[in-house]
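Got a structure for you, written out below as structure tokens; questions coming shortly.
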Amino acid sequence: MNVATIGTGFIVEWFLEAASQIENLHATAVYSRKEESGKKLADAFQIKNVYTDLEEMMQNDDIDCIYIASPNSLHYEHAKMALRHNKHVIC
């Protein structure tokens, strides 16, 4: 399963560290409002795709699941968007 993350805080780092230990789970994309923050996280976990446009990331058919670690006030909006794009959601 290919997973993408929303957010770049420490909880995403914990998630990606755990995910790296699961067979057949691949972190393939990171979304961040700031490209620098997204690139730093992606580089640390060898993730090839960094998005600053959430809609663009959601349209990537190679992504199966979205891990949402944005501020709590945005969880509903992000989960709804992911589900509308037929993505599984971890929130």
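Readers should treat all values here as calculations from the given coordinates under stated rules, not as data from a laboratory. These numbers were taken from a predicted model, which means no experiment stands behind them. Cβ: placed from backbone, ideal geometry, glycine included. Neighbour counts: every protein chain shown.
Listed highest first by mean packing, meaning other Cβ atoms within 10 Å per residue, what order do 1-13, 36-48 come in?
Ranked from most to least packed, the peptides come out as 1-13, 36-48.
Additional query: Could you name the lysines whose alpha carbon sits less than 19 Å from that of Lys34, not counting residues in the same chain fewer than 8 places away?
The reachable lysines, counting only those whose Cα sits under 19 Å from Lys34, are Lys48.
Continuing with this model, one more query. Calculate log10 I(q)/I(0) of region 50-91 for q = 0.26 Å⁻¹, where I(q) comes from the Debye formula with a single equal point scatterer on each Cα and nothing for solvent.
So the normalised log intensities are -0.92.
Just order 67-73, 26-32, 14-20 by mean Cβ neighbour count inside 10 Å, highest at the front, would you?
My ranking of the peptides, most packed first, is 26-32, 67-73, 14-20.
Sticking with this structure for a sec: When 1/r is averaged over all different Cα pairs and the result inverted, which Kirkwood radius in Å belongs to the chain?
12.7 Å
Right, another one. Taking Lys40 as the anchor, which aspartates and glutamates have their alpha carbon closer than 12 Å to its alpha carbon, excluding any fewer than eight residues away along the same chain?
Glu13
Additional query: Between Phe45 and Asp62, what length comes free when the chain is fully extended (0.36 nm per residue of separation minus the Cα-Cα distance, one decimal in nm)?
4.3 nm
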